[in-house]
1. Given H placed 1.01 Å from N in the peptide plane, which residues other than close sequence neighbours of residue D:60 have an amide H under 5 Å from its amide H?
2. For peptide A:55-61, what's the mean number of Cβ atoms from other chains within 10 Å of each residue's Cβ?
3. What is the fewest-to-most order of A:26, C:173 by other Cβ atoms lying within 10 Å of their Cβ?
4. Taking the Cα centre of the range C:89-342 as origin, sum charge times position over the Cβ atoms of Lys and Arg (+1) and Asp and Glu (-1), and report the length of that vector in debye to the nearest 20.
5. Determine the equivalent ellipsoid of the range B:147-255 by diagonalising the alpha-carbon gyration tensor, then write out the semi-axes as square roots of 5 times the eigenvalues, largest first, rounded to whole Å.
6. Between residue D:12 and residue D:92, what FRET efficiency comes out of the Förster formula 1/(1 + (r/R0)^6) with R0 = 25 Å and r the beta carbon distance, rounded to 0.05?
7. Nearest 5 is fine: what % of DSSP beta bridges in the range D:3-89 come out antiparallel, could you say?
8. Less than 12 Å from a label point 7 Å out along the Cα-to-Cβ axis of residue B:240: which backbone N atoms in the range B:273-297 qualify, by residue?
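Readers should treat all values here as calculations from the given coordinates under stated rules, not as data from a laboratory. Remember, it's a predicted structure, so these values are computed and weren't measured experimentally. In this analysis, Cβ positions are derived from the backbone assuming ideal geometry, glycine residues included, and neighbour counts consider all displayed protein chains.
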Amino acid sequence: MKGQGLLKGLYITLKRAVGKDITIQYPEQMPYLQDRFRGCLHFDYTKCIVCGLCTKACPNNVLSYESRQVEGSKKKELVSYTIDLQYCLFCNLCVEACPTNTLYFTHDFELSRYQRDQIKIVYEIPKEEPSAVKVDLKGDAPEPDETKKEKQLAAMTAALQKNPQKTVRKMVENDEDAEILAGILLEDEQKLSRMAALMIADREKAKKVAVAFVNKEKKDRLKGGGAEDESK
Amino acid sequence: MLRTEQFTINIGPQHPSTHGGLHVEAVMDGEFIVDAIVHLGYVHRSVEKIAESRTYPQYVPYTSRLDYLASHLPTLGYCQAVEKMLGVAVPERAEYIRIIMAEFSRIASHLLFIGSCAIDLGATTGLIYCLRDRERIMDMFEMTSGQRLIASYMRIGGVSEDLPDTFIPAARSFIADFPEMIAEYDGLIIGNEILQARLKGVGRLNADDAIAYGVSGPNLRACGIDYDIRKAEPYGIYDRFDFTVPLAENGDSWDRLLVRMEEMQQSIHIIEQALNQLPEGEVKAKVPRIIKPAEGIEVYHRIESSKGELGYYIVADGGEKPYRLHVRAPSFINLMVLPMISKGGKLQDIIANIATLDPVLGESDR
Amino acid sequence: MEHFFLNIAHSLIVWLMGLGLSSKGADLVLLIVQWICIVAIVTINVIVLIWLERKVAGFMQQRLGPNRLGPAGMFQTIADAIKLLTKEDIIPSAADRIIFRTAPIFFIIIAVMLYVVLPMGDGMQIVDLNVGVFYFISVASLSTICLLMAGWGSNNKWSLLGAMRSVAQMISYEIPLAFSLLGVIMIAGSLSLSDIVAAQNNIWFIILQPVAFITFFIAATAELNRGPFDMPEAEQELTAGAYTEYTGMRWALFFLAEYTNLVAVSALASTMFLGGWHGPWLPSWIWIIIKTYLVMLIFMWMKWTFPRIRMDHLMSFSWKVLIPVTLANILVTGAGIQFLAGMGW
Amino acid sequence: MGDYNLDKMLAELQNLMGDKLELSEDAFFNWIHISPDQLLVLMDKLKNEYGFNYLANLTAVDYGEYFEIVYHLYSIPANNKTGVKTRVSRNQAQVDSVCLIWPTADWQEREVYDLMGIDFKGHPNLVRVLLPDDFTGHPLRKDFEMER
């Protein structure tokens, strides 16, 4: 009969109208990202052996680096590494080419910037202290200090919440301690925010505090463990 | 006799229903279309020239930007073309993964086709339902390659990574839910009498014209011509699967819609078989890091893309970059019949015709 | 509660007369107040309606719809209105400036004029015209001219096509619209809307005239330019039809008028077929609001489900289906009335 | 079927056209090399006598001194394929249009004209298709200078 299809359509939309929604509220509710999701390209300077394979693999000249000869040996070392993200095709060719997993894609997909030159990510490695990596996102410079600090704090807190172990790894001596510290921070929000603030303001102090946290926890555990032993 | 003046009206390049940057200059007599002139090139990115400055592996990501709605298909075509030049055999598992990905791409593209067909005719809600289901395919692409839309997943000699553990359950659950989705589109979009009245008998293309104009893919099969490259000239391992080629008779917009609906079900059928037969093993053949096909080798490799016959004509000069690469884009050639089938119709018909020809301007303009 | 608004009006008159105004002067002031009230109601209603339309569309499409500003996104429309107010008013250089500028103003004036005869509750009617239905239909058909003005004045082919479509469509659908109301008028025996409402004290006319209700509903959808009959606007074909060249507040006025028309026609539908303000327990003016919104929800439901019909199908549907059906309905109604009168009812 | 018929066809064509026509074969296609002045005769035969009704692809390659125009032909019911090549010199890049034989050549020839700068004689509407009308040069030629 004519009109049946119309009624069926009305029924379907009505059913969906009272049913569940499928959208998510994006900034509050983050989308679920698969493991292999290709977000922002990240460069882990410590692993780089300056082989240049990534720049050769890249189809669109996104990657470039400066290197210099290490005195007295054939080895090269990195001076700076630039990812010009605006030309990136997110094709994974550089990641596949890299022999040491220096390059990888993070899950950070919010890559838009207000200025074109902010898109460029430059990693500069000073010669003296290779441990203190300066990640210079160029666009951050002209911002007033206050907001910058706030942003840093927020970023650090987020990092701590998301991936605490990796973030605090440099604060303590070994992996085990890092794991303990991560556990503490995840449990206690106050400690987490304090640690985040300290890590930005004063690294040395943060390290001390971190060590203190870890030691206290270790002691507690010892006590707890001892009690358990006794009960056995 | 009273005579009215003809006037031209520019449908596009900025128009809600032109799928990107299509520009149709329609000569109108009131609401009737007297003639239509198609202007292309608004999305021209000179991919053929780019190919001449990229090495063979480097060009892979560019191919997925041709038909961005079914990005695995153009990549598959390119990789297979280069493999043909090199004589590389692809590992079994990779072949199967490629088929699965290609067919999912086809479904994703057809889902968007049905949705955009609905929205072009004014049924906004239909689009959202199709996008909702397409999203599940996009999630699967994200699982395997890390990218949702333009996944550069295939590589010369195989695929970039093996399937993750989560993929097969996701694919199986999609297949299980598919009949339900089809039922919903049938109820909301296909079964709607208004939509049927708008598509039936509109934009009729007869079989001889279709062949003469080089129309391919579902648009050709809607005219009743049984020609599917997956059957006629099987590439990859398509000869191992059992599927039928859906056909229609009239070649009008309605048939083009129906053929695609049926084609999705056949794709599901292929995926099911591929999942059942999926062997273990390597996913990438040993291919030298620097690919240099011998001088003078040239290949024309064509695949059945979701839009039609997608061909790559590659000429090698012995270097690591293609000497010449030409893409035979199905959308480009399918669009050629748009003026023919729209003449004499009404303004609303040309919108339906554009929608059912299913051009992708990224591919057509290259 | 029932006489809340009537009491306010009454005390206003008493207060004005107390100030020394003659009764005619007081009536005049009251009329002005009533006009202001209509404009206020229309505006507030549109704000709610746009929000509702977005929500309905959102829910049907399994989205949430606006939900950022205010409770459940209620203030989204207000924000949009502010945005539109602050937008640049662009008039195309080739446009017929006077016609282009006045079209939206006439459109909204005509839309507001419809409210004069609508009974909003027991005794709540600004003017009880004895040809109320006739007035309504004739004023509603005037909006065609405004769309034609907009289409012509824009000097844009899309706009002109939209305007021509709208004229053709409205002329064709005016007839079944009027014819389907005739059945009701025949039963009620009056063209006055208050009489028609009074006649539905016992039984709603939707039960006596189901066919007329359906034809009225279809014709009204076309008359309102709403989907699936939104030919003049036709987003996907004519970009925005007659409104293509309009920006900012002028465009918003068209939008406002469209929704104002929607409310008016829905209110007419509930008055003519759904018993008007009749209803148990609740005050009469709440009943009419409820009924009007129900009718509007059905309009929205249809718009967001169906594809747009083709222009020639639309015309042939009107002339070949709706008009014969409505004519037959009139015939059957007349025969029925005579038959029942003969039976001594 | 395919191969036997194809060989027979090629032999017949060779007899008919003599030295105007050269045959070659690679792993994927049987190529018919034809001089440009005989192109239309050959194409007409291929379509009307041998049933190659589907011109899948038409393109051109720049080899420096000459351009090679390549046609990939298929016959849809018989599922045969063959390729045709013809060469025109760079100085006089002109060839007959096959537009009247296969209407599909219309836009494909326009594209070749647009990007490679080969003139197709007898084409009804030889204007640029992908690039803007006021563009100068033909980008797929090897001597095209890119700005950057």
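1. D:70
2. 4
3. A:26, C:173
4. 260 debye
5. Largest first, the range B:147-255 gives 31, 23, 13 Å.
6. Given R0 = 25 Å and the Cβ-Cβ separation, E is 0.25.
7. Around 85 percent of the beta bridges assigned by DSSP in the range D:3-89 are antiparallel ones.
8. What the label zone holds, given the 12 Å backbone N cut-off, is B:273-281.
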